1. For segment 4-119, which strands (runs of 3 or more DSSP E) that fit wholly inside it have 3 or more residues that are buried (at least 18 other Cβ atoms within 10 Å of the Cβ) and not charged (D, E, K, R)?
2. Looking at segment 94-119, I want the residues that are over 15 Å from G69 (Cα atoms) and have a partner that is crowded, with 17+ Cβ neighbours inside 10 Å and acidic (D, E) with Cβ atoms under 7 Å, at least 6 apart or on another chain. Which pairs are those?
3. Could you say which residue among S97, S55 is among the polar types (S, T, N, Q) and closer than 17 Å to R8 by Cβ?
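Just so it is clear, none of the values below were taken in a lab; they were calculated from the coordinates. Source: prediction; values computed, not measured. Neighbour counts run over all protein chains shown; Cβ positions are idealised from the backbone, glycine included.
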Amino acid sequence: GRAMAAVRDVEIDPEGTFKYILVRLQRPGGGGERRDIVRGTAAAEFHNHIFEKVSPEMEKLGYECKCLGGGKIDHNSKDKKIRVFGLSTGYGKADHSVTVEILKKVYPDYEITWSDDKK
């Protein structure tokens, strides 16, 4: 639907290293479309701070949100590189390979890598 299309795949800080979460959106009842989005910001001290901001926004649009896990993103806009790594203590580790595929849609000219490293 159009509302889901209006939701951006990725909203992350333009620079720096920060926490991120992978969030699944779906219509209540589980039927129909579902989509995974990436959200990350240095403003969040903990992963749940990001989720607590995203979830009400998405519920207003009529979506249920589920956090699929988290980690960290290192965004170097000068060198056009993004590194995805680490995990969330509360939500567990996101599937970073899924996160990378989503990031590639938004940053097609970047070199984007992931690892299970903690740092």
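1. On the way: elements: 10-12, 16-26, 34-41, 64-76, 81-85, 111-114.
In segment 4-119, the matching strands (runs of 3 or more DSSP E) lie at 16-26, 34-41, 64-76, 81-85.
2. Between residues of segment 94-119 that are over 15 Å from G69 (Cα atoms) and residues that are crowded, with 17+ Cβ neighbours inside 10 Å and acidic (D, E), there is no close pair.
3. Details: S97 fails: closer than 17 Å to R8 by Cβ.
Only one candidate qualifies: S55.
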